[in-house]
Amino acid sequence: MAVLPIVEVPDPCLRLVSRPVEAFDDRLRSLIADMTETMYNAHGIGLAAIQVGVDRRVLVIDLQEERDEEDKPVRHPRAYVNPEVLEVSDEASVYNEGCLSIPEQYAEVTRPARCRVRWQDEAGATHEGEMDGLLATCMQHEIDHLNGVLFTDHLSRLKRDMVMRKLTKQRKAA
Ligand code: NI
């Protein structure tokens, strides 16, 4: 496993539409292992392959909501290959989202509160599930990445400009 460099805005690769995975081979499993390590290393809860420069429809997610006796997050990494949203709820929810490709910037994004998703695992088996809460938000955020969409695209122009200005300022200070 290896920690890979994370692509940040305004890298144009973040705007690519990622291609479906066809081969469920060792290369895919090694990509998933590297993405998982990269996500933990960056203290993220989700990562899309394009964020490490690979334009394939692969996500890793681990909300790490559970804590052990020493208050360390308990890890349950999951990989989602070729995920697609089948259905979303009319009910919406608001979450203060961030993104490893837009470091340390957060903004409230409104999305459907629940979604039904179909995906494949790293062996190619198909799964389907109903998601809600943070998982629904995170899944929709990550699937957006596979379509070249960033959470800032869901904001008003005013708010988006504000986030980008803060990012520029922070980069200059660093
Ligand atoms: Ni993101």
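Mind listing whichever residues of the stretch 80-99 are over 19 Å from G148 (Cα atoms) and within 16 Å of the ligand (Cβ to nearest atom)? Correct list: Y95, N96.
Is there any pair linking a residue in the stretch 43-61 that is more than 12 Å from A33 (Cα to Cα) to one that is within 12 Å of the ligand (Cβ to nearest atom) and of a type in the set (S, T, N, Q), with Cβ under 8 Å and at least six apart or on different chains, and which? Listed by first residue and then by second, the contacts come to Q51/S101. Between residues in the stretch 80-98 that are assigned to a strand (DSSP E or B) and among the β-branched types (V, I, T) and residues that are exposed (fewer than 14 other Cβ atoms within 10 Å of the Cβ) and modelled with pLDDT of 95 or more, which pairs lie under 8 Å by C-beta distance while being six or more apart or on different chains? Close Cβ pairs satisfying both conditions: V94/E108; V94/T110.
Restricting attention to the stretch 100-123, which residues are part of a strand (DSSP E or B), within 16 Å of the ligand (Cβ to nearest atom), among the hydrophobic types (A, V, I, L, M, F, W, C) and touching a strand residue (DSSP E or B) at 6+ places or on another chain (Cβ under 7 Å)?
Kept after step one, since they are part of a strand (DSSP E or B), are these residues of the stretch 100-123: 102-112, 115-120.
Now restrict to residues that are within 16 Å of the ligand (Cβ to nearest atom): 102-109, 111.
Narrowing the set further to residues that are among the hydrophobic types (A, V, I, L, M, F, W, C) leaves 102, 107, 109.
Selection gives A107, V109.
Is there any pair with a first residue in the stretch 124-150 that is more than 14 Å from the ligand (Cβ to nearest atom) and a second that is part of a helix (DSSP H, G or I) whose Cβ atoms are under 8 Å apart and which are 6 or more apart or on different chains, and what are they? As it stands, the answer is M131/M139, since those pairs meet every condition given.
If only one of R67, R27 is over 20 Å from M131 (Cβ atoms), in contact with a Pro (Cβ under 8 Å, 6 or more places away or on another chain) and of a type in the set (D, E, K, R), which one is it? Talk me through it step by step, then tell me what you get.
Values: R27 fails: in contact with a Pro (Cβ under 8 Å, 6 or more places away or on another chain).
Sole residue among the options that is over 20 Å from M131 (Cβ atoms), in contact with a Pro (Cβ under 8 Å, 6 or more places away or on another chain) and of a type in the set (D, E, K, R): R67.
Residues that are surrounded by fewer than 20 Cβ atoms within 10 Å (Cβ to Cβ), assigned to a helix (DSSP H, G or I) and within 16 Å of the ligand (Cβ to nearest atom) are absent from the stretch 19-35.
The values are calculated or read from the model by the stated rules, or taken from the named source; none is laboratory data. Just so it is clear, the structure is predicted and the values come from calculations on it, not from any experiment. Neighbour counts run over all protein chains shown; Cβ positions are idealised from the backbone, glycine included.
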